Amino acid sequence: MKKYMIFISAVLMIGTHSFADGKQAGNLVKDERNAIYWQDTEDSKVSSEDWDDAVLYCDKLVLNGMDKWRLPSFRELFSIVDYTRSNPAINPLFSFVDEGTYWTSTNFSPTSARAWTIDFRTGKTYYNYKTTNHAVRCVKNITDGSAKEIK
């Protein structure tokens, strides 16, 4: 248990409010600090997938003519948590929010049957079995060749 507390403490120190210079552009949010685009669509509000389907959903996503989407890492998803807000505890740049739990791509290290999630009602982090259903918000690296610059 102690090593998980150390992990969470380290993530808190490096990840808290690292989201910076986000720009809303239609159904995308640009996160310049982390060099990623965030999906911000109705689908990211109402989706409910098990972990494998969440990975597949992001892999197949084409948004604004861009492909190569993926599930965010724990650190990436944690960077949009805003503890000054609740229900949802998320950066206000995001328009579509299911006030529930979202998947990350980060496995829970003791077992690959679980992955980390973040509950945007409170900003709390959990690890859940990959067979449970949670919401999905995909990300895309800005440096991927198919990315279009958002002005």
**Study point:** Selection count where residues are touching a helix residue (DSSP H, G or I) at 6+ places or on another chain (Cβ under 8 Å) and closer than 14 Å to residue 44 by Cα, scope segment 95-117
**Key:** 6
Check your understanding: Of all the residues that make up segment 37-68, how many are β-branched (Val, Ile, Thr) and surrounded by fewer than 17 Cβ atoms within 10 Å (Cβ to Cβ)?
Key -> 2
Practice item. Would you check which residues across segment 88-129 are surrounded by 14 or more Cβ atoms within 10 Å (Cβ to Cβ), free of Cβ contacts under 8 Å to residues at least 60 places away in the same chain and aliphatic (A, V, I, L, M) and list them? Key: 89, 90, 97, 118
Check your understanding: Right, residue 132: farther than 20 Å from residue 40 by Cβ, in contact (Cβ under 8 Å) with a residue 60 or more places away in the chain and not charged (D, E, K, R) or not?
Key -> yes
Practice item. Select from segment 83-117 the residues that are touching a strand residue (DSSP E or B) at 6+ places or on another chain (Cβ under 7 Å), modelled with pLDDT under 95 and among the charged types (D, E, K, R) and list them in ascending order. Key: 98
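Conditions tested, residue by residue: (1) within 19 Å of residue 141 (Cβ to Cβ); (2) under 13 Å from the mean Cα position of the chain (by Cα).
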| site | (1), (2) |
| --- | --- |
| 53 | no, no |
| 56 | yes, no |
| 64 | yes, no |
| 76 | yes, yes |
| 112 | no, no |
Check your understanding: If you take just the strands (runs of 3 or more DSSP E) that sit entirely in segment 67-151, which of them hold at least 2 residues that are closer than 17 Å to residue 51 by Cα?
Key -> 101-107, 114-119, 124-129
Point to revise | Pairs, first closer than 12 Å to residue 93 by Cα and at pLDDT 90 or above in segment 30-43, second among the basic types (Lys, Arg) and part of a loop (DSSP other than H, G, I, E, B), C-beta under 7 Å, six or more apart | key: 38/137; 39/137
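The values are calculated or read from the model by the stated rules, or taken from the named source; none is laboratory data. What you see is a predicted model, and the numbers here were worked out from it, not measured in a lab. For neighbour counting, all protein chains shown are included, and Cβ atoms are generated from backbone atoms with ideal geometry for every residue, glycine included.
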